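> One structure, pasted below without further comment.
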Amino acid sequence: ARSRQWHFVVPSLDGDGLTKGSRVQALDLGWKVPHGTPMKPQIRHGGPFDDQKPGTSGLRKPTRTFCQPGYLEIFLQAIFEADPPGPAATLVVGGDGRHFAREAAVTACRMAFANGFQRVVVGQGGLLSTPAASALIRSREAHGGIILSASHNPGGPEGDFGVKYNTRGGGPAAPAVTDAIYQRTRELERWLTRDDIPVDLDAVGRTAFGDVVLQVVDPVTDWLELMQTQFDFDAIRELLSRPGFRMRFDAMNAAAGPYAHALFERCLGAPEGTVMRGVPLEDFGGIHPDPHPDGLVDLIATTRETQPVDFAAASDGDGDRNMILGPGVVVSPGDSLAILAAHADKIPAFRGRGLRGVARSLPTSRAVDRVARREGFDLYETPTGWKFFTSLLDSGRISLCGEESFGTGSDHIREKDGLWAVLFWLNLMAVTGQGVRGLVDAHWGRYGRDLFQRQDYEGLDLEIATALMDRLKASLEALRGITAGPFSVLKAESFCYTDPVDGSRALDQGVSITLDPDARITLRLSGTGTDGATLRVYLESFIPS
Ligand code: VG1
Ligand code: CO
């Protein structure tokens with residue numbers, strides 16, 4: 001198997017901190033949908049499909065699978081039937097700009113009108129980053145949102161395509177909803193559309209078609225306004241204008257580009273050129289839009305020059321991830337979450353209310369646990385995937401959360417937010433006067449250091465990978481108490497989660513092996529790949545300060 005490795009275990013920050021290890025037929029039935037909206041949806045025949053089970057974050061498939069007649073449409077129809085709109089409902093639509101996203105956005109708008117939505121709010125050009133879509137669902141009080149993205153998966157005709165569905169409040173659909181969607185995709189043999197509606201994605205503004213309204217919005221505006229309520233923009237502006245201060249943001253030819261240009265170069269006064277690869281391309285320029293050192297060669301080089309940039313960051317395909325770098329240092333995502341938690345009171349968003357609680361996914365390093373323990377706020381451990389944070393955020397139990405896959409976010413929306421995390425770091429640097437390395441060093445000095453590494457074994461045979469996990473689960477009992485090298489096994493379990501707010505259960509979310517002295521191994525199968533199985537092995541161990 002191919003193996004890619006996250007390597008955060010080097011004792012020094014310098015040097016190579018990272019190594020690599022149907023038929024379609026139209027019928028016009030003069031349909032009347034509920035809520036008195038006179039419409040004439042057309043019925044098209046196709047489906048069902050048996051392979052549309054959503055994974056960790058939406059449905060992801062090779063683009064050519066999604067381009068089959070009816071494939072996208074059946075999934076969308078299943079969404080609209082599993083979570084039907086109420087009267088006068090609004091739907092948000094947008095995507096990360098990858099191949100097929102624009103056509104899919106038009107399809108989603110037409111199908112939404114045919115299925116009873118009164119208003120569709122769509123990003124200009126069909127573009128919305130995932131955090132911006134979540135922000136729009138909230139600000140427009142929408143019933144939900146369709147995000148046309150396979151996030152960090154490569155794009156293009158030979159790459160992947162995906163659809164995420166977020167519900168009222170802006171968070172990813174809960175497992176009960178995605179299960180209902182999947183069930184529907186296996187039954188549906190037709191979908192509804194309004195192909196008579198000419199959807200123009202490029203002209204910003206409202207257009208009414210009978211009783212329904214299409215509203216094309218600038219993708220950046222709402223999100224950027226929200227950011228200004230979270231951070232001290234004046235302090236960040238002052239930091240960016242300090243003589244000699246330089247930063248770079250790599251948008252990886254993906255959705256974060258327009259947001260970063262507007263934010264850094266237009267709003268915060270950073271010079272042009274601060275944003276690299278800032279124009280979304282249909283195939284992301286052939287790269288894997290994942291904040292991984294393999295794809296960030298030029299950005300990483302800027303942190304290793306004789307005169308390195310002071311701050312660098314990158315995002316992924318749909319703009320929800322963040323990688324933070326400083327001169328000679330890549331901040332481990334678990335450390336980033338812990339550092340943000342430890343300094344939350346310095347940021348306007350948290351000032352005066354503090355942190356009541358924080359959550360991290362199971363495989364994320366326990367650095368933030370140490371901060372929670374010492375500073376006295378609650379800590380929740382959830383399965384992988386942002387959807388498990390929603391109820392905790394909604395109920396006010398947590399206001400900050402993160403994952404080891406470079407995802408960090410807060411209760412300002414219900415998704416992870418790449419540029420939000422970048423602003424958080426810049427705001428911290430501005431008010432503490434410290435650089436990335438200084439903040440990281442000080443954190444390790446105070447709380448100790450959690451070494452963290454993730455190994456990905458990609459392209460495995462699905463049956464073999466599943467059998468491996470099953471055998472592992474069957475041998476957990478036998479593992480307890482054994483020793484290996486300096487470590488003995490304290491606890492070995494298959495992680496099952498009960499949502500403390502709604503009591504829902506998620507079983508077998510990964511195997512977790514706790515060791516003594518303080519270390520941990522987590523193993524799980526990825527739920528975002530489209531090629532066989534990917535086994536992720538997460539390794540961590542603690543060095544006290
Ligand atoms: C991966 C990450 C997970 C993240 C998910 C969606 O899932 O591990 O932490 O929430 O991607 O991120 P998996 O099942 O492949 O490990 V994104 O930015 O691709 O929507
Ligand atoms: Co993403």
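The values are calculated or read from the model by the stated rules, or taken from the named source; none is laboratory data. No experiment lies behind these values; they were computed from the predicted model shown. With ideal geometry, Cβ positions are generated from the backbone for all residues, glycine too; neighbour counts draw on all protein chains shown. With ligands, DNA and RNA removed, areas are computed over all heavy atoms of the protein, side chains included. Shrake-Rupley method; radii C 1.70, N 1.55, O 1.52, S 1.80 Å.
> Being at pLDDT below 95, surrounded by 14 or more Cβ atoms within 10 Å (Cβ to Cβ), within 30 Å of His152 (Cα to Cα) and within 16 Å of ligand 1 (Cβ to nearest atom) narrows it down to one of Thr522, Thr530, Thr534, so name that one. Spell out how you get there, then give the answer.
Numbers: Thr522 fails: at pLDDT below 95; Thr534 fails: at pLDDT below 95.
Answer to the check: Thr530.
> Here's a follow-up. Which of the residues belonging to segment 273-302 are closer than 27 Å to Arg454 by Cα and among the charged types (D, E, K, R)?
Selection gives Arg277, Asp283, Asp290, Asp294, Asp298.
> A further question follows. Restricted to segment 117-152, and to residues that are closer than 22 Å to Thr65 by Cα and either open to solvent by 10 Å² or more (accessible area, probe 1.4 Å) or β-branched (Val, Ile, Thr) (or both), which residue is farthest from ligand 1 (Cβ to nearest atom)?
Only one residue tops the list, namely Leu127.
> Does segment 296-326 hold any residues that are charged (D, E, K, R), within 17 Å of Asn253 (Cβ to Cβ) and in a loop (DSSP other than H, G, I, E, B), and which are they? Give the steps one after another, and end with the answer.
Filtering segment 296-326 down to residues charged (D, E, K, R) leaves 298, 304-305, 310, 316, 318, 320-321.
Within this subset, residues satisfying the condition of being within 17 Å of Asn253 (Cβ to Cβ) are 298, 316, 318, 320-321.
Once the filter is applied, which keeps residues that are charged (D, E, K, R), within 17 Å of Asn253 (Cβ to Cβ) and in a loop (DSSP other than H, G, I, E, B), segment 296-326 yields Asp316, Asp318, Asp320.
> Residue by residue through segment 294-329, note down the ones that are open to solvent by 30 Å² or more (accessible area, probe 1.4 Å) and within 18 Å of Ala260 (Cα to Cα). Lay out the reasoning, then the answer.
Just the residues of segment 294-329 that are open to solvent by 30 Å² or more (accessible area, probe 1.4 Å), to begin with: 294, 297-298, 301, 304-308, 310, 327.
Asp298, Asp310 - these are the residues of segment 294-329 that are open to solvent by 30 Å² or more (accessible area, probe 1.4 Å) and within 18 Å of Ala260 (Cα to Cα).
> Being open to solvent by 10 Å² or more (accessible area, probe 1.4 Å) and either on the phi < 0 side of the Ramachandran plot or touching a helix residue (DSSP H, G or I) at 6+ places or on another chain (Cβ under 8 Å) (or both) is the filter here, so list the residues in segment 91-106 that pass it. Before the answer, list the steps.
So in segment 91-106, the residues open to solvent by 10 Å² or more (accessible area, probe 1.4 Å) come out as 97, 99-100, 102-103, 106.
If the condition is that a residue be open to solvent by 10 Å² or more (accessible area, probe 1.4 Å) and either on the phi < 0 side of the Ramachandran plot or touching a helix residue (DSSP H, G or I) at 6+ places or on another chain (Cβ under 8 Å) (or both), then His99, Phe100, Arg102, Glu103, Val106 are the ones that fit.
> Give me the pairs, please: first residue somewhere in segment 339-362 and within 18 Å of Phe406 (Cα to Cα), second residue anywhere and of a type in the set (Val, Ile, Thr) and open to solvent by 10 Å² or more (accessible area, probe 1.4 Å), beta-carbon distance under 7 Å, and either six or more positions apart or on two chains.
Close Cβ pairs (under 7 Å, with a partner that is of a type in the set (Val, Ile, Thr) and open to solvent by 10 Å² or more (accessible area, probe 1.4 Å)) amount to Ser361/Thr384; Leu362/Thr384.
> Identify, please: which residue in segment 153-167 is part of a strand (DSSP E or B) and polar (S, T, N, Q) and is, among those, nearest to ligand 1 (Cβ to nearest atom)? If you could, list the steps in order and put the result at the bottom.
Let us first name the residues in segment 153-167 that are part of a strand (DSSP E or B), namely 160-167.
Retained after the next criterion (residues that are polar (S, T, N, Q)): 166-167.
Values: Asn166: 11, Thr167: 16 Å.
Only one residue fits best here, namely Asn166.
> Can you name every residue in segment 168-206 that is within 16 Å of ligand 1 (Cβ to nearest atom), open to solvent by 20 Å² or more (accessible area, probe 1.4 Å) and closer than 28 Å to Glu282 by Cα? Talk me through it step by step, then tell me what you get.
Step one: of segment 168-206, the residues within 16 Å of ligand 1 (Cβ to nearest atom) are 170-175, 178.
Imposing the further condition that a residue be open to solvent by 20 Å² or more (accessible area, probe 1.4 Å) reduces the set to 172, 174-175, 178.
Those that are within 16 Å of ligand 1 (Cβ to nearest atom), open to solvent by 20 Å² or more (accessible area, probe 1.4 Å) and closer than 28 Å to Glu282 by Cα: Pro172, Thr178.
> While we're looking at this one, here's another question. Would you please list the contacts, defined by Cβ atoms under 7 Å and residues six or more apart or on different chains, that run from a residue in segment 139-154 that is more than 13 Å from ligand 2 (Cβ to nearest atom) to a residue that is of a type in the set (Gly, Ala, Ser)?
Going by the 7 Å Cβ cut-off, the qualifying pairs are His143/Gly86; His143/Ala89; Gly145/Ala133; Ile146/Ala108.
One line per residue, one yes/no per condition, for (1) on the phi > 0 side of the Ramachandran plot; (2) more than 28 Å from the chain's Cα centre (by Cα); (3) not basic (Lys, Arg):
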position	(1), (2), (3)
Lys164	no, no, no
Val177	no, no, yes
Tyr182	no, no, yes
Arg186	no, no, no
Trp191	no, yes, yes
Gly210	yes, yes, yes
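> Can you pull out every residue in segment 232-246 that is in contact with a helix residue (DSSP H, G or I) (Cβ under 7 Å, 6 or more places away or on another chain) and under 26 Å from Ile300 (Cβ atoms)?
Those that are in contact with a helix residue (DSSP H, G or I) (Cβ under 7 Å, 6 or more places away or on another chain) and under 26 Å from Ile300 (Cβ atoms): Ile236, Leu239, Phe245.
> Could I ask something else about it? For Phe245, which of the numbered conditions (1) more than 21 Å from the chain's Cα centre (by Cα); (2) buried (at least 20 other Cβ atoms within 10 Å of the Cβ) fails to hold?
Condition (2) is where Phe245 drops out.
> Sticking with this structure for a sec: If you scan segment 347-363, which residues turn out to be open to solvent by less than 10 Å² (accessible area, probe 1.4 Å) and closer than 24 Å to Ala430 by Cα?
Let us first name the residues in segment 347-363 that are open to solvent by less than 10 Å² (accessible area, probe 1.4 Å), namely 347, 350, 357-363.
Result: Ile347, Phe350, Val358.
> May I ask you to say which residue of Lys32, Lys61 is at pLDDT 95 or above and either open to solvent by 60 Å² or more (accessible area, probe 1.4 Å) or among the basic types (Lys, Arg) (or both)?
Result: Lys61 is the single residue among Lys32, Lys61 that is at pLDDT 95 or above and either open to solvent by 60 Å² or more (accessible area, probe 1.4 Å) or among the basic types (Lys, Arg) (or both).
> On to the next question. Would you pick out the residues in segment 248-273 that are over 20 Å from Thr221 (Cα atoms) and open to solvent by less than 10 Å² (accessible area, probe 1.4 Å)?
Asp250, Met252
> Go through (1) under 30 Å from Ala359 (Cβ atoms); (2) assigned to a loop (DSSP other than H, G, I, E, B); (3) open to solvent by 50 Å² or more (accessible area, probe 1.4 Å) for Pro291 and report which single condition fails.
(3)
> Hey, does segment 330-339 have a residue that's away from ligand 2 (no atom under 16 Å from the Cβ) and open to solvent by 20 Å² or more (accessible area, probe 1.4 Å)?
yes
> Follow-up question, since we're still on this one. So if I check each of Pro348, Pro280, which one is closer than 27 Å to Pro219 by Cα, at pLDDT 95 or above and in contact with a Leu (Cβ under 7 Å, 6 or more places away or on another chain)? Break it down into steps so the answer makes sense when it comes.
Numbers: Pro348 fails: in contact with a Leu (Cβ under 7 Å, 6 or more places away or on another chain).
Residue meeting the stated conditions: Pro280.
> Further question on the same structure: For Ala492, are the conditions met, namely being open to solvent by less than 90 Å² (accessible area, probe 1.4 Å) and farther than 23 Å from Gly385 by Cα?
Numbers: open to solvent by less than 90 Å² (accessible area, probe 1.4 Å): yes; farther than 23 Å from Gly385 by Cα: no.
No: the conditions fail for Ala492.
> Which of the strands (runs of 3 or more DSSP E) found entirely inside segment 364-437 contain at least 3 residues meeting this: open to solvent by less than 10 Å² (accessible area, probe 1.4 Å) and under 24 Å from Gln509 (Cα atoms)? Before the answer, list the steps.
Numbers: elements: 378-382, 400-403, 407-410.
Ranges flagged: 400-403, 407-410.
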